[in-house]
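Below is one structure; the comments refer to it alone.
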Amino acid sequence: MFEFAGVFSSRSETKPPRSGPGVSVVVCAKNEAENLQTFLPSILTQEYHPFEVIVVDDWSNDNTPYILEHFETEYKELRVHRPDKDVPGKKYALTCGISAAKYEHILLTDADCLPSSDYWIAYMMQPFIKAADVVLGVAPFTFRETLVSRFAFLDNLLVFLLYASATLRGYPYMGIGRNLAYRKDLYEDRSQDGIIGGDDDLLISSLQNNTTIVLQNHAYAHMVSDPPIS
């Protein structure tokens, strides 16, 4: 079976520094109670300092608030933020989460994603120590046997090959919101108003001429999720 994680990836066992620039991990969640219960602890227990995890509860009507309330008592790194209004799409919730962040670096992922190691944050932050402005992470799908899952897997792989190749050639044009990091001020200066999604790609396109954008392709820095099955 072809392993997405092996493409353009280093598998060195050398661990990155466990401390560095402060980072706020922002996760937008709307009716994600089951995924949060399954995957959020793997983010909250990362081997890095200092960091916080901001989960934006985007007006959920399932058990999401109760799951987060429980986790807040267990993990000091967790902060829960709720937008003041219910706006379609993810953009408003994301903006609220980034505005609430206390650190200068923002690391994005989704509620249904699992970090490939306990050093995901550390590896994603490593390029910032070398003065990077934006870090594009890898976000592979797991392989599933259904036809739809296979198509999604291959489509995701093609997207990765295109943006990774362009970035390595010095022409970054997009990022994957499931695994993407940047300085907070870059988002605030170029945040796209009037849209409900796609702002991660628009942000990278607007930054490519005057910022340092790098690809973090280490296998332990991946953020993995399941493809659709139907």
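The values are calculated or read from the model by the stated rules, or taken from the named source; none is laboratory data. Not measured: the values here are computed from a predicted model. Only protein heavy atoms, including side chains, enter the accessible area calculation; ligands, DNA and RNA are left aside. Shrake-Rupley method; radii C 1.70, N 1.55, O 1.52, S 1.80 Å.
Relative contact order, whole percent, for the range 14-172 stands at 29, derived from Cα pairs under 8 Å and 6 or more residues apart.
Just the number, please: carbon plus sulfur as a percent of the accessible area of the chain, 1.4 Å probe, no ligands or DNA/RNA counted.
Whole-percent figure for carbon plus sulfur exposure: 52.
Expressed as a whole percent, the proportion of Cα-Cα pairs in the range 2-122 lying more than 22 Å apart is 36%. Where only DSSP H runs of four or more residues are counted, the chain gives -11000 deg cm²/dmol as its mean residue ellipticity at 222 nm, each run worth -39500 (n - 2.57).
State in Å² the accessible area per residue of the chain; use a 1.4 Å probe, count heavy atoms of protein chains only, and round to the nearest integer. Don't jump to the answer; show the numbers that get you there.
On the way: 10910 Å² over 230 residues.
Roughly 47 Å² per residue, with all protein chains present.
How large is the convex hull of the Cα atoms of the chain per residue, expressed in Å³ as a whole number? Intermediate values should be presented prior to the final figure.
Numbers: hull volume 28.7 nm³, N = 230.
About 125 Å³ per residue, rounded to a whole number.
On full extension of the chain, what length is gained from residue 84 through residue 18, given 0.36 nm per residue of separation minus the C-alpha to C-alpha distance?
Values: separation 66, 0.36 × 66 = 23.76 nm, distance 3.51 nm.
Answer, rounded to one decimal: 20.2 nm.
Rg over Rh for the range 56-164 works out to 0.99, using Cα positions for both radii and the Kirkwood form for Rh.
Given C-alpha coordinates of the range 105-223, what is the ratio Rg to Rh with the Kirkwood estimate of Rh? That ratio equals 0.96.
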